[in-house]
Amino acid sequence: MTNTSADSTWIQTSYRHGVAWLQFDGSRAFDGTFWTELHNALRGVETSGTCAVALTSDAPAFSVGNSAAWLSYSVGAAARRGDSKTALYAVGDILRRTASEINQLPIPLIAVVSGETVGAGLELACLCDLRVCVDSVQISLPEAHLGVLPDIAPLEVLDEVLGARLSRRLLLTGQQEF
């Protein structure tokens, strides 16, 4: 049985063979709309008769990460209003709500990862219950160049999934690993 819904600009949801497939365009940098739509898509998954959720990109890259323009605009606009602390929290709020939705999902969430998996996309994959790598995968946390810590996956999750050595190397250097 295949059932598809196309009510989103970012996330396309379909059901095939007992799996809910959430597909997005990994060549586009994530923004607030992506995180809101992913949160809503996860909340809307029909868990009755569904054995797992697969999160996948329809691009060669799993994810190029968060949009620096979105982050800069969101935080900058609030700073201009004089409430920069509120802005930082507000930008992180949708990320935290999406991470919470992932943690509360009653069925396994599987990231189908291929190609470049950067920043927030890598963190998103690490939050999933299982990661299946297709073809070659290149991972990085480029926010390390800015002195910024990951904001979606806690450090202990990155350590558990990637191993402490690799996690620290990514966090300290921002270099790409294969």
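Laboratory data are not the source of any read-out in this text; all were calculated from the coordinates shown. Quantities reported herein were computed from a predicted structural model and do not represent experimental measurements. So basically every Cβ, Gly included, is an ideal-geometry build from the backbone, and we count neighbours across all protein chains shown.
Full extension of the chain between residue 43 and residue 75 gives 8.8 nm of extra length, using 0.36 nm per residue less the Cα-Cα distance. Take every DSSP beta bridge whose two residues both sit in the chain; close to 35 percent of them are antiparallel.
Across all Cα atoms of the chain, the radius of gyration (one decimal) and Dmax (whole number) stand at 16.1, 53 Å.
If a/c stays under 1.5 just call it rounded; otherwise compare a/b with b/c (prolate if a/b is bigger, oblate if not). Do that for the stretch 74-178, with a ≥ b ≥ c from the square roots of the Cα gyration tensor eigenvalues. Since a/c reaches 1.5 but b/c is at least a/b, the shape of the stretch 74-178 is classed as oblate.
Restricting the count to DSSP beta bridges whose residues both fall in the stretch 7-74, what percent are antiparallel, rounded to a multiple of 5?
Antiparallel bridges: around 40 percent, rounded to the nearest 5.
Taking a spot 7 Å from the Cα of residue 107 along the direction of its beta carbon, which residues of the stretch 13-32 have an amide N less than 15 Å from it? Zone members listed by number: 13-23. With a sphere of radius 14 Å drawn around the Cβ of residue 98, what net charge do the other residues whose Cβ falls strictly inside it have (Lys, Arg +1; Asp, Glu -1)? Local charge sum for residue 98: -3. For the chain, adding -39500 (n - 2.57) for each run of n ≥ 4 DSSP H residues and dividing by the number of residues yields -13000 deg cm²/dmol at 222 nm. Looking at the stretch 56-148, the DSSP beta bridges with both ends there are about 0 percent antiparallel.
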